[in-house]
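Written out below as structure tokens is the structure these notes cover.
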Amino acid sequence: FILNRTEAALLTDTNPEDTNELLKKVSELPAKMKLVTDGHNGSYFHNGSGWAWSDSFRVDRVETTGAGDAYGSAFVAGLIKELGDEQRFKLAAANAASVVSHPGAKEGILRENQVEEWMKKSLEIKSI
């Protein structure tokens with residue numbers, strides 16, 4: 001499942017500022033995979049064996065409407081395409097960064113021919 005930090009905190013009755021406790025409680029939920037988005041602070045992914053964190057791409061933000069949906073949909077697309085964790089994180093972060101760089105929720109959604117340039121960029125990803 002995919003939740004933002006606020007939704008995850010509400011679901012687990014946890015302080016949203018306590019990342020360690022929040023992720024511990026989310027990891028106990030009965031879903032195989034868990035993705036917690038955290039806006040420009042990146043995202044957290046649990047694949048059943050542990051958590052990984054990914055930063056976000058730094059861009060000039062015009063509007064944040066649709067950023068979470070863009071991130072989640074690209075992450076799921078990466079799962080369908082059987083991309084590895086790093087490539088999924090990059091694809092999702094790229095789609096969200098592109099969306100927030102444009103007005104509205106749809107204009108910045110990446111097309112297949114726009115992805116390659118983003119995938120060459122560096123993005124901090126680490127196990128936590």
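The values are calculated or read from the model by the stated rules, or taken from the named source; none is laboratory data. The structure presented is a predicted model; accordingly, all values stated were derived computationally and were not measured. As a convention, Cβ positions derive from the backbone with ideal geometry for all residues, glycine included, and neighbour counts pool all protein chains shown. Accessible surface areas use protein heavy atoms only, side chains included; no ligands, DNA or RNA. Shrake-Rupley method; radii C 1.70, N 1.55, O 1.52, S 1.80 Å.
Of all residues in the stretch 23-41, those being assigned to a helix (DSSP H, G or I) and either open to solvent by 60 Å² or more (accessible area, probe 1.4 Å) or farther than 15 Å from LYS126 by Cβ (or both) number 7.
Restricting attention to the stretch 85-128, the residues that are touching a residue at least 12 places away in the same chain (Cβ under 8 Å), surrounded by 13 or more Cβ atoms within 10 Å (Cβ to Cβ) and either on the phi > 0 side of the Ramachandran plot or not in a helix (DSSP H, G or I) (or both) add up to 8. Of all the listed residues (VAL76, VAL26), the sole one being within 15 Å of LEU3 (Cβ to Cβ), at pLDDT 95 or above and in contact with a His (Cβ under 8 Å, 6 or more places away or on another chain) is VAL26. The residues listed here are GLU63, GLU17; of these, the one that is assigned to a loop (DSSP other than H, G, I, E, B) and either touching a residue at least 40 places away in the same chain (Cβ under 8 Å) or surrounded by 15 or more Cβ atoms within 10 Å (Cβ to Cβ) (or both) is GLU63.
Filtering the stretch 66-84 to residues that are open to solvent by 30 Å² or more (accessible area, probe 1.4 Å) and in a helix (DSSP H, G or I) leaves GLY68, ASP69, SER73, VAL76, ALA77, LEU79, ILE80. Given the condition at pLDDT below 95, open to solvent by 30 Å² or more (accessible area, probe 1.4 Å) and touching a Leu at 6+ places or on another chain (Cβ under 9 Å), answer yes or no: does some residue in the stretch 42-57 qualify? Within the stretch 42-57, not a single residue is at pLDDT below 95, open to solvent by 30 Å² or more (accessible area, probe 1.4 Å) and touching a Leu at 6+ places or on another chain (Cβ under 9 Å).
Which condition does VAL62 not pass, out of (1) of a type in the set (Val, Ile, Thr); (2) in contact with a Ser or Thr (Cβ under 7 Å, 6 or more places away or on another chain); (3) modelled with pLDDT of 95 or more, if it passes all the others? Just one mismatch for VAL62, condition (3).
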